[in-house]
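Beneath this line is the structure, given in structure tokens, with notes to follow.
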Amino acid sequence: MKEPHHRRKVGIGMIMVAASLAMIGILQLAIGPDVLFGDTIQRQQVAVFDDCQANGFQEPQCAKWLDQIQLQECRENKDVESDECRKYRTWVIADQELEEILKNAQNEE
């Protein structure tokens, strides 16, 4: 007769499923009344960004957006050689290659 050790694995799996469903239920109870929970977070972040933009990104909590702004400038200018854009070189080159691939695909159609 075969040993029934597979039952232990099935039991552990059922416990994990029950635990994950319980976590979903707890999460629902925590943020259930606030149906716009994600929207509230996004609006707070937009308000922080607007404050940083008004102050010229001088405050320490505004530093996270300076990298994004510099990356966007490097992508728009397709600059890979300047000192400011050297650390974003990989992303700028990837954007250029993607544009070339899309252009070639349109020409083939």
Given charges at Cβ of Lys, Arg, Asp, Glu: the chain dipole, positive-most of Asn77, Gln45, Ile24: Ile24
10 Å Cβ shell holding at most 15 others, DSSP loop, trypsin sites (Lys or Arg not before Pro): longest site-free stretch of the chain: 3-77
Carbon and sulfur %, accessible surface of the range 56-108 computed with the full protein complex present, 1.4 Å: 48
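Given the DSSP H assignment, sum -39500 (n - 2.57) over each helix run of at least 4 residues in the chain and divide by its residue total; what's the result at 222 nm in deg cm²/dmol, nearest 500?
After summing the helix terms and dividing by residue count, I get -25000 deg cm²/dmol.
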Distance from the range 1-55 to the range 64-106 (C-alpha centre basis), Å: 35
Rough spin-label spacing in nm, given labels placed 7 Å along Cα→Cβ, for Asp39 and Gln58: 3.6
Gain in span if fully extended, Gln70 to Leu29, counting 0.36 nm per residue against the direct Cα distance: 10.7 nm
Glu76 - accessible surface, heavy atoms, 1.4 Å probe, Å² rounded to 10: 130
Rounded, prolate or oblate (a/c below 1.5 giving rounded, otherwise prolate when a/b exceeds b/c) for the chain by Cα gyration tensor: oblate
Efficiency of FRET between Phe49 and Arg8 - r from beta-carbon atoms, R0 41 angstrom, step 0.05: 0.20
Helix 63-77 vs. the chain, principal-axis angle (Cα, 0 to 90°, nearest 10): 60
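The values are calculated or read from the model by the stated rules, or taken from the named source; none is laboratory data. Please read all numbers here as calculations on a predicted model, not as lab measurements. For neighbour counting, all protein chains shown are included, and Cβ atoms are generated from backbone atoms with ideal geometry for every residue, glycine included. With ligands, DNA and RNA removed, areas are computed over all heavy atoms of the protein, side chains included. Shrake-Rupley method; radii C 1.70, N 1.55, O 1.52, S 1.80 Å.
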